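These notes are about the structure you will find just below.
Just so it is clear, none of the values below were taken in a lab; they were calculated from the coordinates. Keep in mind that this is a model prediction, so the values were computed, not measured. Every residue, glycine as well, gets a Cβ built from its backbone with ideal geometry; the counts of neighbours run over all protein chains shown.
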């Protein structure tokens, strides 16, 4: 996965972002759209224009949904739900609003998200056992988070990883 400090992720593709420095400009200017509303667009069709006609749509609630499901369901079930709902949304987004960035705002902490270079998967969850974590990038990007078009979003000042960005799924 390559590194990025540019703001391209705000205007195209889809991202998972948790670092306050990356979100600071956006949060003050854009009202987050609840996850349930965005998922509802799959059934009712996307509005003609993105919320507030912005080039970035912030989506809140993904982390809460995943953490809640992980309390009572096996990680495979959580991944299946993400693939059926979030991956489907990411794919539909591409054809409906190709020039609008889809940003899933996460609360963090950063330690909940781990990119494993060995299998090129972003894992979500607590502890060290990857078997008990959700394969987040595989579930929402179908493996597109590896190779060209996939990036770790770096905070320019500190060089900390503050998110992940996939230009578009094929």
Check: How big is the range 118-170 by Rg and Dmax over its Cα atoms, in Å?
Finding: 12.0, 34
Next item on the list: With both partners inside the chain, how many of the DSSP beta bridges are antiparallel, as a percent to the nearest 5?
Entry: 50
Margin query: List residues of the range 17-38, by number, whose backbone nitrogen lies under 17 Å from a label position 7 Å along Cα→C-beta of residue 92.
Written below: 33-38
Margin query: Between residue 55 and residue 2, how high is the FRET efficiency from 1/(1 + (r/R0)^6) when r is the Cβ-Cβ distance and R₀ = 25 Å? Nearest 0.05.
Written below: 0.65
Item checked: Contour minus Cα-Cα distance for residue 64 and residue 159 (0.36 nm per residue) -> 31.5 nm
Next item on the list: Before rounding to the nearest 500, sum -39500 (n - 2.57) across all DSSP H runs of length at least 4 in the chain and divide by the residue total; then give [θ] at 222 nm in deg cm²/dmol.
Entry: -9000 deg cm²/dmol
Next item on the list: May I ask you to order 137-144, 95-102 by the average number of other C-beta atoms within 10 Å around their residues, highest value first?
Entry: 137-144, 95-102
Next item on the list: For the range 1-73, just list the percent of Cα-Cα distances falling in each 10 Å bin from zero outward, please.
Entry: 15, 46, 31, 8
Note to self: Using the Cα atoms of the chain, I'd like the radius of gyration and the largest Cα-Cα distance, Dmax, both in angstrom.
What the structure shows: 14.8, 44
Next item on the list: Find how many whole Å separate the alpha carbon centroid of the range 104-170 from the alpha carbon centroid of the range 17-51.
Entry: 19
Note to self: Only counting other Cβ atoms within 10 Å, I'd like 73, 106, 1 sorted with the fewest neighbours first.
What the structure shows: 73, 1, 106
Item checked: Full-stretch length increase - residue 31, residue 129 - with 0.36 nm per residue and alpha-carbon distance subtracted -> 31.7 nm
